Structure formats: structure tokens, C-alpha cells
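Presented below is the structure to which this report refers.
The values are calculated or read from the model by the stated rules, or taken from the named source; none is laboratory data. Every value quoted in this text rests on a predicted model; they were computed, and no experiment measured them. Reconstructed Cβ throughout: ideal geometry from the backbone, glycine too, with neighbour counts over all protein chains shown. Just so you know, the surface numbers come from the protein's heavy atoms only, side chains and all, with ligands and any DNA or RNA stripped out. Shrake-Rupley method; radii C 1.70, N 1.55, O 1.52, S 1.80 Å.
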Amino acid sequence: MTTATLTAAGLPPAWADGLLVCQQVHDVTADVRTFVLAPTEPRLFRHDPGQFLTLCLDIDGEPVERCYTLSSAPTRPDLATITVKRVPGGHVSNWLHDHLAPGGTVWARGPLGRFTINQHPAPKYLFLSAGSGVTPLMSMTRALYDLAHPVDVAFVHSARTFDDIIFRRELDFIAAASPNFRIRHVLDDHGEQLNARMLRSFAPDLAEREVFTCGPVGYMRAVREMLASEGFDMAHHHEESFAFETPVPAEPESVPNAGTGLVTGFKVQLARTGRTIECDADTPVLAAAAREGITLPASCAQGICGTCKTTLLSGSVDMRHAGGIRPREIANNKILLCCSTPREDLVIDV
């Protein structure tokens, strides 16, 4: 079944939250695989390039959730792909490599996330990635290529060796086929490292570009410092990782009927357990619960993955999320405990 064959009869609705079937597995590098996923019933993956899925798995009887960026583009909506690197000791990534095969299924939520060019349209982009951080930028690149957008893209990807470059052949093909797309590979084993001089040489018009960065925490920190040292306007820099050192700044989003008092100590009642904890106005509810020895479902702790989503039964919060919750969910009094601080006494459905 394809989008084209269904056009005459009307397109199927958008997929959101449900079971996915693994259709294919591709070896991308020696330790990176792409998993091709399809809905169990006619649905299309309508998402912004750069968004992610949260996989909800049962591994050895333990429920586990992890976020994986979609490497596929929304311009090819019949299937979705995630590209996963095997990590030494990695609980979920290694399980996917060892167990998810064609015919297997996974349950997922999404698509979610704000790390996307759709929210920051610009005539010029600079994409900076390292390792498997290339995946959201690949989704953006594929979408721009498919739609023949006349935007200028300068892409610098860092890898350990030539053989570790993820999507190398496809990136080189797009660069050869698109006059407005350039790719520069930076290889550790060649003694190379992304630096300001290299950046100025590759993108002398840096100040005119919208910059997207994804990779390990240390890499992103180095990029931030480099851009700042070059006098770059950081309002035009966007980054994503599921192992942040510090929370991603985001616009506060308050649920309806938010209070405005200046009281700083509040009571949070956990309706299902009957317990009540103390939480001040500067502490996320999830952290306050952990301080009391209460472990609640959570994963990224940065307002990204949505694992700690729950219903606010009464009260109001300041919620500084990073795309892990949909507007309609907020309108229905859903909150993310990891990034919500109380504005008054709360009752939550936990």
C-alpha cells in the first residue's frame, strides 16, 4: 500500500501513538542500523523533520522508554525509520540491534519535538552533527532535497573514521545533485576536529545562517562555545540531545487557570497513592518526588520524551518543556512532571 495508490480514495489519517511493525533492517555502518517501521493499519507519518519517537519496550520484564529521532523525512510518509547506534553497555540500543527484526513490533509515542527547521525557516542553514547526532539533520536534509527547496545548506559532520560516517553515500549524492548543498566530513583518525577556523572557511557567511546542532554533550558544548566566540547570535542556534547537561531553555507554558501568587512552598498530592509531598516553586515535581524516595516513570528529565506525562487534577504549574507534549494534551490538563514547577497546591493523577 502506498500514498500514491490511496490518493484517489483519500489519504489515510496521521499515525500517532501505537504499534509499529518492523519491515526492514539496514546495516548503515559496522555499529549502526536503520529500522524501517510501518503502522499496523493504514496511517501516514505526518511529522516535522527533526522530530522523534519514544519507544516503549518491555525488556526482560522491565518497562523501558527511549527517544529516537526519525531519520526518515515527512516527504516519504508511508514508512518511518529510526537509525540506532550500538552503544557499549547500552540497554535499549543494543536490545534493538539484537532483537528487533522484520516482523517484530514495538509500541511508540509521537512524533514529538521542537528541533526542526519547520519552526525556524531560513534561507541559509548550517547543520553540525557528530556520530549518531546526524539522524535529525538527515531527516531535514532529505526533506529539503525531496521538496527541492532553494535554501543553502552547509553540513559539517564529525565521525571517528571514514567507515563510521553515517549516511555518507547518500549525503555525497545529495551534495553532487544539489547546487545549494555542501557536506564536509571531519574525521578523528585524520587528526581533524571541528574548530572556528574550519567553520569560518566552510561557512564564511556564518552570521547569516540558522544553526542546528546534534551530537554528544561535549560536542554540543564545544559548538556553543565556538559560536559564541565567533560573535554568533545564539538566538539562531538550536540543539538537541537526549543526554542534556542542562535543561533546554523553552518558553514557559502554563495550564489554564494558573495562579499568580508569590508563595514558594506547596503541597503536591499523588491521588492514586494517597501520598502528599512538599515542592517549592523552583523544583520540578518529579525531582521533589524523587527527593521523597518516590520513583515515578521518567526518562529524559528534560521535557522531551513525554515519559513522565500525567494528568493535573487540580492546581496549576509552570511547564518549560522541550516538545515532549502536544498543545491539545496541555489543553486537557496533561503535564510533564520533569519540567513542571507548582504555582499552587497540586493534585496529580499518580
*Can you find a residue in segment 224-236 that is under 21 Å from GLY113 (Cα atoms), within 25 Å of the chain's Cα centre (by Cα), loosely packed, with under 11 Cβ neighbours inside 10 Å and modelled with pLDDT under 95?*
no
*asked:* On the basis of being assigned to a loop (DSSP other than H, G, I, E, B), within 28 Å of the chain's Cα centre (by Cα) and without any contact (Cβ under 8 Å) to a residue 40 or more places away in the chain, does ALA290 make the cut?
replied: no
*Looking for whichever is buried (at least 21 other Cβ atoms within 10 Å of the Cβ) and either over 21 Å from ARG275 (Cβ atoms) or modelled with pLDDT of 90 or more (or both) here; the options are PRO342, PRO327. Which one fits?*
PRO342
_Selected residue (only one of ALA301, ALA290, ALA322 is on the phi > 0 side of the Ramachandran plot, aliphatic (A, V, I, L, M) and at pLDDT below 90)_ = ALA301
*Taking ASP58, is it part of a strand (DSSP E or B), without any contact (Cβ under 8 Å) to a residue 24 or more places away in the chain and within 30 Å of HIS149 (Cα to Cα)?*
no
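Yes/no per residue for (1) among the hydroxyl-bearing types (Ser, Thr, Tyr); (2) within 21 Å of THR69 (Cβ to Cβ); (3) in contact (Cβ under 8 Å) with a residue 12 or more places away in the chain; (4) touching a helix residue (DSSP H, G or I) at 6+ places or on another chain (Cβ under 7 Å):
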{"residue": "THR310", "(1), (2), (3), (4)": "yes, no, yes, yes"}
{"residue": "SER314", "(1), (2), (3), (4)": "yes, no, yes, no"}
{"residue": "VAL317", "(1), (2), (3), (4)": "no, no, yes, no"}
{"residue": "ILE325", "(1), (2), (3), (4)": "no, yes, yes, no"}
{"residue": "ILE330", "(1), (2), (3), (4)": "no, no, yes, no"}
{"residue": "LEU336", "(1), (2), (3), (4)": "no, yes, yes, no"}
{"residue": "SER340", "(1), (2), (3), (4)": "yes, no, yes, yes"}
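Quick grid of which residues meet (1) open to solvent by less than 10 Å² (accessible area, probe 1.4 Å); (2) part of a strand (DSSP E or B); (3) in contact with a Pro (Cβ under 7 Å, 6 or more places away or on another chain):
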{"site": "ASP27", "(1), (2), (3)": "no, yes, no"}
{"site": "PRO42", "(1), (2), (3)": "no, no, yes"}
{"site": "TYR68", "(1), (2), (3)": "no, yes, no"}
{"site": "ALA73", "(1), (2), (3)": "yes, no, yes"}
{"site": "ARG76", "(1), (2), (3)": "no, no, no"}
{"site": "VAL87", "(1), (2), (3)": "no, no, no"}
{"site": "TRP95", "(1), (2), (3)": "no, no, no"}
{"site": "ALA108", "(1), (2), (3)": "yes, yes, no"}
_Can you confirm whether THR283 is open to solvent by 10 Å² or more (accessible area, probe 1.4 Å), assigned to a strand (DSSP E or B) and at pLDDT 85 or above?_
no
*Tell me which residues, restricted to segment 110-130, are surrounded by 14 or more Cβ atoms within 10 Å (Cβ to Cβ) and in a loop (DSSP other than H, G, I, E, B).*
GLY113, ARG114, PHE115, THR116, HIS120, ALA122
*Filter segment 138-151 down to residues that are in a helix (DSSP H, G or I) and of a type in the set (A, V, I, L, M) and give me whichever is surrounded by the most Cβ atoms within 10 Å (Cβ to Cβ).*
MET138
*Test: HIS91 is open to solvent by 20 Å² or more (accessible area, probe 1.4 Å) and modelled with pLDDT under 95*: yes
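For (1) open to solvent by 30 Å² or more (accessible area, probe 1.4 Å); (2) not polar (S, T, N, Q), each residue gets a yes or a no:
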| position | (1), (2) |
| --- | --- |
| PRO136 | no, yes |
| VAL153 | no, yes |
| ASP164 | yes, yes |
| ALA177 | yes, yes |
| ASN180 | yes, no |
| ASP188 | yes, yes |
*State the number of residues belonging to segment 81-118 that are in contact with a Gly (Cβ under 9 Å, 6 or more places away or on another chain) and closer than 21 Å to ARG326 by Cα.*
11
*Given the structure, is SER158 at pLDDT 95 or above, in contact with a Ser or Thr (Cβ under 9 Å, 6 or more places away or on another chain), under 18 Å from PHE212 (Cβ atoms) and assigned to a strand (DSSP E or B)?*
yes
_Could you check segment 157-202 and list, in sequence order, the residues that are without any contact (Cβ under 8 Å) to a residue 60 or more places away in the chain, of a type in the set (S, T, N, Q) and under 17 Å from ASP31 (Cβ atoms)?_
THR161
